[in-house]
1. Can you tell me which residue within the stretch B:56-111, out of those that are within 11 Å of chain A (Cβ to nearest Cβ) and hydroxyl-bearing (Ser, Thr, Tyr), is surrounded by the fewest Cβ atoms within 10 Å (Cβ to Cβ)?
2. Within the stretch A:610-645, can you find the residues that are at pLDDT 85 or above and among the polar types (S, T, N, Q)?
3. Got a number for residues in the stretch A:491-520 being in contact with a strand residue (DSSP E or B) (Cβ under 9 Å, 6 or more places away or on another chain) and part of a helix (DSSP H, G or I)?
4. Count, please, the residues in the stretch A:294-330 that happen to be in contact (Cβ under 8 Å) with a residue 60 or more places away in the chain and within 14 Å of chain B (Cβ to nearest Cβ).
5. For B:ILE50, state whether it is free of Cβ contacts under 8 Å to residues at least 60 places away in the same chain, within 16 Å of ligand 1 (Cβ to nearest atom) and within 18 Å of B:LEU162 (Cα to Cα).
6. Report yes if B:GLU105 is in a strand (DSSP E or B), more than 16 Å from ligand 1 (Cβ to nearest atom), at pLDDT 90 or above and not hydroxyl-bearing (Ser, Thr, Tyr), otherwise no.
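The values are calculated or read from the model by the stated rules, or taken from the named source; none is laboratory data. Every value quoted in this text rests on a predicted model; they were computed, and no experiment measured them. Cβ coordinates were reconstructed from backbone atoms using ideal geometry, including for glycine residues, and neighbour counts include every protein chain displayed.
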Amino acid sequence: MWRNYLKLGWRHIQRNRNITAINFIGLVVGMTAVILIWQYVDFERSYDKFHAQGDQIFRVQTDRIKDGIPFMQFAGGAACAGPVIARNVPEVEDYVKLRGPNESLLHYHFDQKHVVDDVYFAMGTFFDFFSFELLEGDAGTCLKEPWTACITKTLADKVFGPENPMGKTIVLENEAEYVVTGIVADPPENSHLGFSVLLSYATFSDVFVSDNESETAWYWDGYLTYLKLKPNTNWQELEPKFKEAMAATYDEEVAESTVFSLQPLPDIHLTSNLLGETKPPGDGTAVKFLFLVGILILIIAWFNYINLTTAQSMNRAREVGIRKVIGSNRSALIRQFMTEAVIINAIAIICALIFATLLGPAFVNMVDTPMPTSIFDNPRLLMILLACFGLGTFLTGMYPALLQSSYKPIQALNPNLNRGRIKAQWVRKGLVVFQFGISVALIASTLVIYNQMRYMQKRDLGISTEKTLVIEGPLFRDSTYLELGETFKTELAMLPAVKSISGSSSVPGERIGWTAGIQKWGQTEEDENYGFRAIAADPEYSDQYDMEIIAGRSMSRDHGADASSCLLNEEGVKVFQFESPESALGEEINFWGQRVQVVGVVRDFHQASPKAKIEPIILRNVAQNWMLNYFSVKLVSDDMLSMVENMKGTYDRVFGANSPMEYFFLDEHYDQQYKSEALFGKVFTFFSGLAILISCLGLLALIAFVVERRRKEIGIRKVLGSSISGIVMILSKDFLFLVIIAAVLAIPVVHHFMKGWLDGFAYRIDMEWWVFLVAVLLAVAIAFFTVGYQSLVAARQNPVDSLQQA
Amino acid sequence: MIRLSNIERFYKAGLTKTWVLRDINLEINEGEFATIMGPSGSGKTTLLNIIGMLDTPDQGEYEFLEEPVHKFRERRRTELHKHYIGFVFQAYHLIDELTVYENIETPLLYRKIKSSERKAMVANLLDEFNMVAKKDLFPHQLSGGQQQLVGVARAIIGKPKLLLADEPTGNLHSSQGEIIMDLFKQLHADGMTILQVTHSEKNAQYGTRVIEIEDGYIRRDYAP
Ligand SMILES: Nc1ncnc2c1ncn2[C@@H]1O[C@H](COP(=O)(O)OP(=O)(O)O)[C@@H](O)[C@H]1O
Ligand SMILES: [Mg+2]
């Protein structure tokens, strides 16, 4: 019997090639898209799931709070967090602390220096917590003693070549010597911690820091702290205990202003975006939206299948009737129709798997994520997909099977009788409404996303990022560095292509890492303490970046006292509660005990992308080695590359070739910030387009059926004198009505979801009514063209033909 | 074999009832070859469908092989129908996607007959009907008469006790019709009970009994 079903299913598929093709293409495209999207989503969600004890591990996050409002939230929190919590909260089994990531200069042979990213100090318990694979060395002891280090396999191969690194000494920053005590497999991409060197934390806490401050200071941030909780602890109930511990160890005030909370390890990548994250955080919202789009695409493809199969079932009613007369019962018919569904779905998923594998690398390229390129690397996801395929086949096969097998033979075999179409028609209309609803929703969402992206990119940043090349200061800096910096600037300024040059601690295009609590002169930290972002910069900096001075003047070398002058931005003026920018002029500020005077106020500018809120900023002069991180070079023309070689020569000459010159173009650097949104926009638009396309395909076929069924009516109407446009109108009317219903249902849903998305942006567009109007009109237009085309073809036919046929 | 008592069949259109069959009392014995005749719309097909258990009467009792069909649920009726009744239609109603061979074989599939046995049965019948050469053709490749031959073959392959034929020659040329009628005669001679609907006096002559029906009533019942 099964062979018979298969044979029959196959013949039926062949006989209805067009419909099958549309069904099939929809399913293949849909499933391919879903496979790709879900691979990405699955990868983003797989972060830190590989740790054996991951469900017991939590990161301690620190909020700095003033007047009940957190003004700074750190991923790496207070120095005291781990020890204080572990001592006072019995549910905590153990903790591990890390400090980093730092960039560092590393060598084994003196003449082979390597710039390495992601250097951390890590406590000896590191390998108890995390399931990173230690290839060589002893997990219990390798990071215990001061001056020991573990390095990754890749780095070991690069630095040591064929030599065995174990027990050898590596040198950091030309002076600090560490013995290699362990070699670690490269951390997987889906880990929020990515390291190349782990230095023993004892080196930091026992040697570099005095008075045990790294374990007791409540005011010192930047320590990544992870707790291991006893099994079955309810972590959400622990936070009040942290507060009690802080109050007991320090005092009530400290406990109020330094608040700890926990982040489950696997949630960090997609949900946490705090100061000092170890890797660029993932976009949880985007991942959620894409997951949803994946499901929608699948549903659309399934609905196509259901729609087309039930529409077709009219033609198969006769077969059902005959079969019942010659002895089939209902379940045999259901099995037969299910077999057809299985055949089509199975071939579709096989094709989809092949396509997804072929397109994998291109897709990975498109989403720019270090994920595996083939679904076959992910057996779990493969199983989910197969289960999903099974469910889909069952759902899409079952309804048409039930419907088709329900026909009564005498009705089915009588050509003059209505074959119980009404019920099926309502279901079909419902599905079409749903599909159009999805289309309207996706079009509207795409428009909103696109508008927001454009809004961000077109927004007046308050600074100019053009024609600017930024050179990073060398990593190794001795006491002569500031002087060398002056020399470097003077020499570069002599190049004809260079318009101006200035040094600074940070450049636009990133959040400022340097935060400082400052107050008006005469006040102490206890009285008031405003959290500012600080930029140390040469006096030329504000002019070079075209910042608008709205009160006072920029800093200047001509004023003798300007070593102690500063600029505020408007937000800073507000935070200090000065009445106006003018009234801020001349005010004196206590900056870490130093007395600085406000000489000017700049209009608010977007230091970071408009996604982030503008923060209070204070601009000071460069006073110390560590402040001079960047040299911004404004060039005369856009042709910058030719200049770079020249500059490299100067750089090597001035600083000595201790590390190669690193540089970037500021506009590109700034645009990097839009990368994840731009990517999301691109991927979302692409897959929305696909979804709409599949929808249209299904609609096209469905309308072909409707037109076919009404061919006789069309003929009669024409004989009676109806115009072609009149007939097109009659046929299109029903579908337009469905689109309108769909739109009415879809708009509130889109509005809700898009509002959620936009809330992630500090500066955002309003969702205007025309966006929805355009989406609806577009959907109407799409429907009208698909319906209209088919109706036109039908209406043009010679009425005699259609009447004779019927 | 068949006993109908006080069978009524009507359709409701709005508030009015239209009777198709009224007060039908009819008995047909095993081995009869009966013909139902009457004008179009008089209810012949409806009667045949009720007897064939494709339709249910609104009132009255129907006994088939001493079993009270009117009391049965759909499932049991389907079973009875499957085992004892074969149908031949005016419009042949072959399955387009199946070959001649497969069309004839299908009822056996639903009766769960073993493959080897199936093959033998179909081969025999094809031979008997002189259609061996055509077994791999699809219905649209056959003439009307040949299609109806397949229709008859399909109806009898399951060895039903009762063969119902609704205007089996209605779409055929008279020479083709004769072939079908000769076949019926042969089947009857071999012991099959046959009930046919026809408009042709000539075809009625093949049978042993004529039942005339008009406006839903049985008007006459006689031997031809
Ligand atoms: N489902 C139905 N609904 C309404 N009327 C029906 C239905 N089926 C049959 N009829 C009517 O019943 C009458 C008898 O039909 P039928 O048995 O097919 O007649 P015959 O086969 O004698 O030509 C006809 O008038 C027909 O219109
Ligand atoms: Mg009839």
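1. B:THR56
2. A:ASN621, A:ASN629, A:SER632
3. The number of residues fulfilling the criteria is 2.
4. 10
5. Working: free of Cβ contacts under 8 Å to residues at least 60 places away in the same chain: yes; within 16 Å of ligand 1 (Cβ to nearest atom): yes; within 18 Å of B:LEU162 (Cα to Cα): yes.
So B:ILE50 fits the description; yes.
6. no
Here is a yes/no grid of residues against (1) touching a residue at least 60 places away in the same chain (Cβ under 8 Å); (2) surrounded by fewer than 17 Cβ atoms within 10 Å (Cβ to Cβ); (3) outside any helix (DSSP H, G or I):
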| site | (1), (2), (3) |
| --- | --- |
| A:GLN336 | yes, no, no |
| A:ILE344 | yes, no, no |
| A:ILE349 | yes, no, no |
| A:ALA356 | yes, no, no |
| A:ALA362 | no, yes, no |
| A:MET366 | yes, yes, no |
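The rows are residues; the columns are (1) away from ligand 1 (no atom under 12 Å from the Cβ); (2) within 11 Å of B:ILE7 (Cβ to Cβ); (3) at pLDDT below 90; (4) not in a strand (DSSP E or B).
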{"residue": "B:ARG22", "(1), (2), (3), (4)": "no, yes, no, no"}
{"residue": "B:LEU26", "(1), (2), (3), (4)": "yes, yes, no, no"}
{"residue": "B:GLY31", "(1), (2), (3), (4)": "yes, no, no, yes"}
{"residue": "B:THR46", "(1), (2), (3), (4)": "no, yes, no, yes"}
{"residue": "B:TYR62", "(1), (2), (3), (4)": "yes, yes, no, no"}
{"residue": "B:HIS70", "(1), (2), (3), (4)": "yes, yes, yes, yes"}
{"residue": "B:ARG77", "(1), (2), (3), (4)": "yes, no, yes, yes"}
